[in-house]
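Structure record follows, encoded as structure tokens.
The values are calculated or read from the model by the stated rules, or taken from the named source; none is laboratory data. Owing to the predicted nature of the structure, the values given are computational and were not obtained by experimental measurement. Here the Cβ is made from the backbone with ideal geometry for all residues, glycine too, and neighbour counts use every protein chain on show.
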């Protein structure tokens, strides 16, 4: 599935907030039961109320492996902790709760990988497009590239605009037609992700 199909229409800064609002009662109950929190996650004390249809922690991981879901001892440990926490959520809300967490994790992983490879000048172009209302002319984008190229010494000596811009299109952060370049929903979410994480500017 193309990444743009996965996250079109999703406003990154609201992901956590929307989840918190939707599951506010469950989260409130969960926070009351936290007895310890650290780098390896949270531990929960005894229940303060009856839970609805608890999920069994006796999971047959061999059956999961037979279905193609290979695991490791670390994965299985995290899964057991996750299932224990999910049991605190009302039964009819567990699937949307897990699907939201999974979607958020996949998006964050994609954005982290994108940030690892993207150039600072490419991020600057995305921000420029956003500040211009989401679209600029190809000629303006090419002029931006030439200015960025002039500031990087020999780093971009052999690079041309199509090569430099192709990463943004392959990552579905921006689209180009004959005359304009447009910021995609993925690109807007990526910028929001960078802002929310306070990630530093990158070189070049």
Checklist outcome for this item: For segment 105-120 the number of residues that are surrounded by fewer than 17 Cβ atoms within 10 Å (Cβ to Cβ) and touching a residue at least 60 places away in the same chain (Cβ under 8 Å) is 4
Checklist entry - Does segment 82-97 contain any residue that is modelled with pLDDT of 95 or more, crowded, with 16+ Cβ neighbours inside 10 Å and not in a helix (DSSP H, G or I)? => result no
Next on the checklist: I'd like to know if segment 189-196 contains one or more residues that are loosely packed, with under 14 Cβ neighbours inside 10 Å and either out of contact with any strand residue (DSSP E or B) (no Cβ under 7 Å at 6 or more places or on another chain) or free of Cβ contacts under 8 Å to residues at least 40 places away in the same chain (or both).
Outcome noted: yes
Item to check | Those strands (runs of 3 or more DSSP E) lying entirely in segment 108-204 with at least 1 residues within 21 Å of the chain's Cα centre (by Cα) | outcome: 174-176, 180-183
Checklist entry - If you check every pair at least six apart or on different chains, which have Cβ atoms under 8 Å apart with a residue in segment 137-159 that is in the same structural domain as residue 183 (by TED's automatic domain parsing) and under 15 Å from residue 120 (Cα atoms) first and a residue that is in a loop (DSSP other than H, G, I, E, B) and modelled with pLDDT under 90 second? => result 148/156; 148/204; 149/156; 149/159; 152/204; 155/204; 156/204
